[in-house]
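Engineer: Quick one: structure below, then a few questions.
Rule-based calculations on the coordinates, nothing more; no lab input. All figures in this text were calculated on a predicted structure; none of them were measured in a lab. So basically every Cβ, Gly included, is an ideal-geometry build from the backbone, and we count neighbours across all protein chains shown.
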Amino acid sequence: MSSGYSSLEEDAEDFFFTARTSFFKRAPQGKPRAGQQDVEKEKETHNYLSKEEIQEKIHKYNLAVTDKLKMTLNPNGTYTGFIKVQMELCKPPQASPSAGRPAPSNSGCMNTLHISSTNTVGEVIEALLKKFLVTESPAKFALYKRCYREDQVYACKLSDREHPLHLRLAAGPRTDTLSFVLREHEIGEWEAFSLPELQNFLRILDKEEDEQLCNLKRRYTAYRQKLEAALSEALLQGRNRQGR
């Protein structure tokens, strides 16, 4: 088995592939984009963890694993593990004529990657495209983090410099808590989201609209009360002058 994990069942060979560190080119370190604060917070928290703390997290993670896709801590403090990426492509990407297999389609298929904690989002996207021998540029695709909180779905596009395995370890192995989705990067703004995500956006928009209306009504009510008080005081002063 190419990954060197003999503890996995033999039929898992077609279920995942190994993305070795030497296989990738290091993505450039850029400034985090707006809207990535939650991702940055998780990354910063991870950077402050000691080797012993990471080992404890990996131990708890592996205890919760139900599909044998566990993480392994290396002597240098890095670790390897698996992430599952759902393919949500609107159209099949162009594959090399010598691919010998169809390119991924918008069938929602799930792919499992064996990666290192040092691998970035850009490298994961590149690895997925190489797996299917896709000739299109990785810049045309984006990796999203999908979170589920209180029966609501939140989608966040990850920057190329993020490390998916960090996020996987922090969230635990359950995909109903955190999952990864590969989508085209250049399609329309709203077409990049699923129906539950769009419905969630509408609920958030309605909530924000109600809050803004309430705030606006409170401001005008307070302003009206001040004007009425000033008017009443002016009328009272006028009557007093007339009574003299």
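Engineer: Points 7 angstrom from Cα along the Cβ direction at HIS59 and LYS131: gap in nanometres?
Structural biologist: Roughly 3.1 nm, to one decimal.
Engineer: Beyond a 31 Å Cα-Cα separation, which of these cross-linked pairs lie in this structure: LYS57/LYS145; LYS51/LYS207; LYS84/LYS207; LYS84/LYS140; LYS68/LYS130?
Structural biologist: Details: LYS57/LYS145 20 Å; LYS51/LYS207 43 Å; LYS84/LYS207 33 Å; LYS84/LYS140 20 Å; LYS68/LYS130 25 Å.
Cα-Cα > 31 Å for LYS51/LYS207; LYS84/LYS207; rest within.
Engineer: Highest mean first, how do 56-64, 164-172, 231-239 rank when packing is the count of other Cβ atoms within 10 Å averaged over residues? Walk me through the numbers on the way to the answer.
Structural biologist: Working: 56-64: 13.8, 164-172: 20.0, 231-239: 9.7.
Per-residue Cβ counts within 10 Å, averaged per peptide and sorted highest first, yield 164-172, 56-64, 231-239.
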